[in-house]
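The values are calculated or read from the model by the stated rules, or taken from the named source; none is laboratory data. Every value quoted in this text rests on a predicted model; they were computed, and no experiment measured them. Don't worry about glycine lacking a Cβ; one is built from the backbone with ideal geometry, like all the others, and counts go over all protein chains shown.
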Amino acid sequence: MNVPLRRVVIVDDHEIFRAGLKAGLGPTVQVVGEAGTVEAAVPLIKSLDPDVVLLDVHLPDGGGHAVIGPVHSERPGVKFVALSVSDAAEDVVAVIRAGARGYVTKTIGPAELTQTIHRIADGDAVFSPWLAGFVLDAFNEGDGPAAGEGELDRLTPREQEVLLLLARGYTYKEIAARLHLSVKTIETHVSNVLRKLQLSNRNELTRWAAKRRMV
Amino acid sequence: MDGDRLRRSGPDRVLAGVCGGLGEALGIDPVLVRLGFALAVPLGGIGVAAYAMSAALMPAPPPESPIRPLRGRRRQIAGLVLLLAIALVALAASNLLLPLDVLVPSALLLVGLGLAWRQAATASARGRGPGWARPLLLDALRAVTAIVLLCGGAVLFLRQGGDVTAAAASAIAAVVVAAGIGLLVGPRLRRAQALASEERRERIRTEERARMAARLHDSVLQTLALIQRAGDTRGAQRLARRQERELRAWLYGGEEPDAPDTFAAALRHATEDVETRYDVEVELVQPSDAPLDQHLEALVGAAREALTNAAKHAGTGTVSVLARVSGDEASVFVRDRGRGFDRARVPRDRAGLRESIEARMARHGGRAEIHTAPEEGTEVELILPRGERP
């Protein structure tokens, strides 16, 4: 196996959950540090410079997005994945717009989480079916000729197709096979959607997010 | 004088505790105060009026102080009242101070005051407990009687007009009526106060619930997530998932378990049912929601059938469901990675696919598409156009 070892920091205020996460990760992932607060996480991540940070959406001293900003300016190579149990969509969207490369629910299986960490470390975006479904509907809402939006505010038909299949529970490989595209192309599409999600000014995103919970 | 110190006395009372309270506040022996009031009684009844007014205006004794019970002292009080009446009659008969035509209205007023007082006393007692809502009719009847008696007495007083005593009597009557009205209105104010504090308690309860939601989120949901990750047995996993969903629905939806009234809630119920029945895990994704109508209900019914098929025949532990609904269209995708099947080999009489899914969707103007092949899993697409319906 030539899978590189990934160095990971877990930021979550529940110790028992951190322990559970750690126990389930495979030999290709090394947990180098843990933190339970924003205050502790920022200097820790800066000094350890890990590949990936698993970041709880809610922390006792602020949202997960408060960790991303200060780290990004100094360590732009560190990638973040948002992790949550059941959070208001607007909080999840806030973490992603702050720069997280993806979102998974805490009920994700250990093997899947390991896979997610590798994918994020490789620079890809990871959407849970929930996030895919949410983004799809949030971008579609209020579409019409009157909506004078830029390229960032609209999803291409191909991107919508990919998101729809993600929301239906397809893996990248299955999506690639179904659309007769390469996995790499699928990854590019998802990364583009993530970029739009982070940069779009669409009001619907916030409005939608305020009303919904991601499970 | 310190306003807080002037209140009716609890332990040192004969009737209402007015004299005891006054004595305490002024630093005089209450017996002297009582003597003062007694001497004022023959002076055109001023003593009685002043006493009634004081009783109405002075705040009740502090709740922690022991209250000397009226019970068991009935004779003493009856004797006191009798003595008062005899004194008044004697004085009136001998035409010393009070003529009879003053005494009769006075008596009316006194009875009215008594009624009003009883009402005030019971109302304030009930205002403290939760069971204070007594039959309103009785309350109203008593209030009306009290008012009639008070007004009757006052009118009799006023009708005398002319002589010197009448002017004084009118003044007394006015005071007595004012005291009576105070007694009548007071308890109602107190009750309004009780209502307000009830509302405050309700608000506190709501806040408490919000706090509890935050707490449960931090503890129970986290633990349930952990159980699911560890997953030693499928049973524990299923239990955890179900528990989590129920709790989530209660915490954030506030919905009744038996009465789903939105599309998402109805589908979640169907999903939970299938999960429990067939020992399967359903990944349910439903970013949008709409009020349930008969067409969406049919869609949920078809989705449940598709889920049941997947749970029974696919042979995998997991099924993915995506449900979307907008003004134009509602759709449900039910997908498994199981063994799949060959449609041509499904017996013609199998009702599930044909009747419960395809025909049901068609009846409501929708359609069902089934993508499957042996060993490649199955996906059922249910599409329901909603364009013509607002």
Meets criteria (at pLDDT 85 or above, buried (at least 19 other Cβ atoms within 10 Å of the Cβ), over 23 Å from A:Leu194 (Cβ atoms) and within 19 Å of the chain's Cα centre (by Cα)) for A:Arg6: no
Number of the exception - A:Ile186 against (1) at pLDDT 75 or above; (2) over 30 Å from A:Val29 (Cβ atoms); (3) assigned to a helix (DSSP H, G or I): (2)
Criterion (within 42 Å of the chain's Cα centre (by Cα) and either at pLDDT 75 or above or of a type in the set (A, V, I, L, M, F, W, C) (or both)) met by exactly one of B:Ala49, B:Ala40, B:Ala107: B:Ala49
Residue match in the range A:207-215 (condition: surrounded by fewer than 19 Cβ atoms within 10 Å (Cβ to Cβ) and modelled with pLDDT of 70 or more): no
Candidate set from the range A:28-40 (those that are in contact with a helix residue (DSSP H, G or I) (Cβ under 9 Å, 6 or more places away or on another chain) and away from every other protein chain (no Cβ under 14 Å)); member that is surrounded by the fewest Cβ atoms within 10 Å (Cβ to Cβ): A:Thr28
The one condition in (1) away from chain A (no Cβ under 12 Å); (2) surrounded by fewer than 23 Cβ atoms within 10 Å (Cβ to Cβ) that B:Leu307 fails to fulfil: (2)
Close pairs (8 angstrom Cβ cut-off, 6 or more residues apart or separate chains): at pLDDT 90 or above in the range A:158-173, among the acidic types (Asp, Glu) anywhere: A:Leu165/A:Glu174; A:Arg168/B:Glu379
The range A:192-204, residues that are buried (at least 16 other Cβ atoms within 10 Å of the Cβ) and part of a helix (DSSP H, G or I): A:Asn192, A:Val193, A:Leu194, A:Lys196, A:Leu197, A:Gln198, A:Glu204
Single residue of B:Asp289, B:Asp293, B:Asp328 found to be farther than 17 Å from B:Gly366 by Cβ and among the charged types (D, E, K, R): B:Asp289
In the range A:87-106, the residues that are within 10 Å of chain B (Cβ to nearest Cβ) and either surrounded by 21 or more Cβ atoms within 10 Å (Cβ to Cβ) or under 13 Å from the mean Cα position of the chain (by Cα) (or both): A:Asp87, A:Ala89, A:Thr105, A:Lys106
Of all residues making up the range A:116-129, the number that are closer than 16 Å to B:Glu283 by Cβ and either under 11 Å from the mean Cα position of the chain (by Cα) or more than 14 Å from chain B (Cβ to nearest Cβ) (or both): 4
Residue list for the range A:36-73, filter: part of a strand (DSSP E or B) and touching a strand residue (DSSP E or B) at 6+ places or on another chain (Cβ under 8 Å): A:Val52, A:Val53, A:Leu54, A:Leu55, A:Asp56, A:His58, A:Leu59
Test result for B:Arg304, assigned to a strand (DSSP E or B), basic (Lys, Arg) and modelled with pLDDT of 90 or more: no
Matching residues in the range A:22-75 - criterion: being out of contact with any Lys or Arg (no Cβ under 6 Å at 6 or more places or on another chain), among the acidic types (Asp, Glu) and touching a residue at least 24 places away in the same chain (Cβ under 8 Å): A:Asp56, A:Asp61
Residues (assigned to a loop (DSSP other than H, G, I, E, B) and modelled with pLDDT under 85) located in the range A:76-92: A:Val85, A:Ser86
Residues of the range B:191-212 that turn out to be modelled with pLDDT under 80 and either surrounded by 15 or more Cβ atoms within 10 Å (Cβ to Cβ) or not in a helix (DSSP H, G or I) (or both), as a count: 0
Residue count for the range A:1-25, restricted to those that are part of a loop (DSSP other than H, G, I, E, B), within 14 Å of another protein chain (Cβ to nearest Cβ) and more than 19 Å from A:Val57 (Cα to Cα): 1
Tally, over the range A:41-60, of residues that are surrounded by fewer than 23 Cβ atoms within 10 Å (Cβ to Cβ) and within 14 Å of another protein chain (Cβ to nearest Cβ): 3
Failed criterion for B:Gln286 (all others in (1) surrounded by fewer than 22 Cβ atoms within 10 Å (Cβ to Cβ); (2) of a type in the set (S, T, N, Q); (3) within 38 Å of the chain's Cα centre (by Cα) hold): (1)
All positions within the range B:371-385 that are in contact with a helix residue (DSSP H, G or I) (Cβ under 8 Å, 6 or more places away or on another chain) and either away from chain A (no Cβ under 14 Å) or assigned to a loop (DSSP other than H, G, I, E, B) (or both): B:Leu384
